[in-house]
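Shown next, in structure tokens, is the structure this report addresses.
The values are calculated or read from the model by the stated rules, or taken from the named source; none is laboratory data. Just so we're clear, the structure is a prediction, and the values are computed from it rather than from any experiment. FYI the Cβ positions are ideal-geometry reconstructions off the backbone, even for glycines, and counts take in every protein chain you see. Side chains are part of the model used for accessible areas, which takes the heavy atoms of the whole protein and leaves out ligands, DNA and RNA. Shrake-Rupley method; radii C 1.70, N 1.55, O 1.52, S 1.80 Å.
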Amino acid sequence: MHLEKLSLTNFKNYEDIRYTFGRQVNVIVGPNGSGKTNLLDAVYFLALSKSAFQSQDALSILHDADYFIIDGIFEEDTQPGHERPVQITISLQRGQRKVLMADKKPYERVSEHIGRFPVVLMAPNDTDLVREHSEDRRHFFDGVLSQLDPDYLRDYLMYQQVLKQRNSLLKLFAEPDRRTGNQVDNDLLDTYDKPLLEIGQRIHDRRQQFVLEFLPSFQKHYAYLSEEREAVDIVYESEVSNPDFASEFRHFRRRDTVLQRTTMGVHKDDYSFIIGGVPLKKFGSQGQQKTFVIALKLAQFDQLEAKKDIKPILLLDDIFDKLDDRRISKLIQRMDEGAFGQLFITDARPERTRELLHQVKADVRFFETGRS
């Protein structure tokens, strides 16, 4: 599986551009601010129907334009040694809903598309997974699981929908009512609590199972990148693990009403990153944190390849500028061994990338941002 053609109209800084990519290594070069990362984001958008960097789709529309269109041709594996072209089109008009089509036919549900063309992104801000909030870590693991497991994605989307409805109800109960006072309708809350608890339990069980499946690959990659300098671990933390969680959830309903939000559930889960038996966030060096997140992404690649039986597209954004020589050499060694499929690499210094990749036994093509 690989992306052969890409066409952008009014997407971020691209008014109208077309590219034809190679099956192996594609290097996007150009000065900072010229749109290299935006090009990677377009590939990510095609694969996952959303931006890797913008929370709102409308923010990806070119300034002063009314719409954007991303159009790509994937060569999709149908059976070993056979591929067929699939046209994926994403368009958005300001003030309207996003349209996602495969071969010019809209998907019935966007979730049907997720995981069809698996992708892994390594970006300079990946260490936020270590330094920032639990939401960032949940977002990463939910993203991996959503590409791997359609049932998980359906449960996740349903949970978010029920959670949003429950929170809206809690806010409604807090609004003054001169006739009835601020009365809580417990029977109505029960209709939301039951599915929230059931779906949340399934999400918890799948996350717990996934960490066990993910750990061996992650630890293998960390050992390879760090030359086995220290042991690492990932610990899944969830209130739902408590056998009495359902009772506690209902017990704290009054607190939820006062705070106008659901204060317990899998939407509060976290993943602890451990190095040498201590928290990576507090005691890990910058180098250890970088190695940790690269190992996370390589393990994500392994999981997707094993589940889908195809190599995901790998996007490396400005990666050579953020890593030391030892980690760069380890990544290039993996490229030379044929561990990856189609790669997209951005770099503001093309001469450096040419030197780093000149011995790689792969078809390496260079593209300058702003030119096709």
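For the stretch 99-107, just list the computed ³J(HN,Hα) in residue order, Karplus coefficients 6.51, -1.76 and 1.60, θ = phi - 60°, integers in Hz, with x standing in for Gly and Pro.
For the stretch 99-107, the Karplus curve yields 10, 10, 10, 10, 6, 6, 10, x, 5 Hz.
Can you give the helix-only mean residue ellipticity at 222 nm for the chain, where every DSSP H stretch with n ≥ 4 adds -39500 (n - 2.57) and the sum goes over all residues, rounded to the nearest 500 deg cm²/dmol? Show your work: numbers first, answer last.
On the way: 11 runs with 159 residues, N = 372.
Rounded to the nearest 500, it is -14000 deg cm²/dmol.
On a straight-distance basis, which aspartates and glutamates could pair with K330 in a cross-link, Cα separation under 12 angstrom, same-chain partners fewer than 8 positions away excluded?
E227
How much accessible area does R23 have with a 1.4 Å probe, in Å² rounded to the nearest 10?
The value for R23 is about 140 Å².
Just grab the label-to-label distance for A339 and K5, each label 7 Å out from Cα along the Cβ direction, in nm (one decimal).
So the label points at A339 and K5 sit 3.4 nm apart.
At a 10 angstrom cut-off on C-beta neighbours, averaged per residue, how do the peptides 215-227, 100-112 rank from highest to lowest? The partial results should precede the final answer.
Numbers: 215-227: 17.2, 100-112: 12.8.
In decreasing order of mean packing, 215-227, 100-112 become 215-227, 100-112.
So, R0 is 45 Å and r is the distance between the beta-carbons of R349 and H251; what FRET efficiency does that work out to, to 0.05?
Between R349 and H251 the formula returns 0.15.
First select every other residue whose beta carbon is under 15 angstrom from the beta carbon of Q219; then total the charges, Lys and Arg +1, Asp and Glu -1. Spell out each step's value before the answer.
Numbers: positive: K220, R229, K297; negative: E213, E227, E228, E230, D233, D302.
So the surrounding residues net to -3.
What full-extension length gain, to one decimal in nm, is calculated for D244 and D185 as 0.36 nm per residue of separation minus the Cα-Cα distance? Don't skip to the answer; put the middle values down first.
Details: separation 59, 0.36 × 59 = 21.24 nm, distance 2.35 nm.
Gain on stretching D244 to D185: 18.9 nm.
For the pair T263 and Q286, how long in nm is the line joining their label points, each one 7 Å along Cα→Cβ?
Spacing of the two 7 Å Cα→Cβ label points: 3.9 nm.
Students often forget the sequence filter, so: which lysines lie under 21 Å Cα-Cα from K50 once same-chain residues fewer than 8 apart are removed?
By straight Cα distance, K50 reaches K5, K12, K36, K98, K104, K105, K164, K297, K308, K311.
So how do 291-301, 186-196 stack up, highest first, on mean other-Cβ count within 10 Å? Kindly include the intermediate steps, with their values, before the conclusion.
Numbers: 291-301: 24.1, 186-196: 14.7.
In descending order of packing, they fall as 291-301, 186-196.
State the extension gain, in nm to one decimal, for the chain segment bounded by N167 and V99, taking 0.36 nm per residue of separation less the distance between their alpha-carbons. Numbers along the way, then the final one.
Working: separation 68, 0.36 × 68 = 24.48 nm, distance 2.83 nm.
This chain segment gains 21.7 nm when fully extended.
Using Cα centres only, tell me the gap between the stretch 51-106 and the stretch 260-327 in whole Å.
If you average the Cα positions of each part, the centres end up 27 Å apart.
For all pairs of alpha-carbon atoms in the stretch 90-240, what percent lies in each bin of width 10 Å, listed from the first bin to the last filled one?
8, 25, 30, 22, 11, 3, 1
Starting from the exponent 0.38 and prefactor 2.2 Å, build the expected Rg for the stretch 158-260 from its residue count and divide its actual Cα Rg by it.
On the way: Rg = 20.0 Å, N = 103, 2.2 N^0.38 = 12.8 Å.
With N residues counted in the stretch 158-260, Rg over 2.2 N^0.38 Å equals 1.57.
I need the Kirkwood Rh of the stretch 37-145: take the reciprocal of the average 1/r across all distinct C-alpha pairs and report it in angstrom.
15.4 Å
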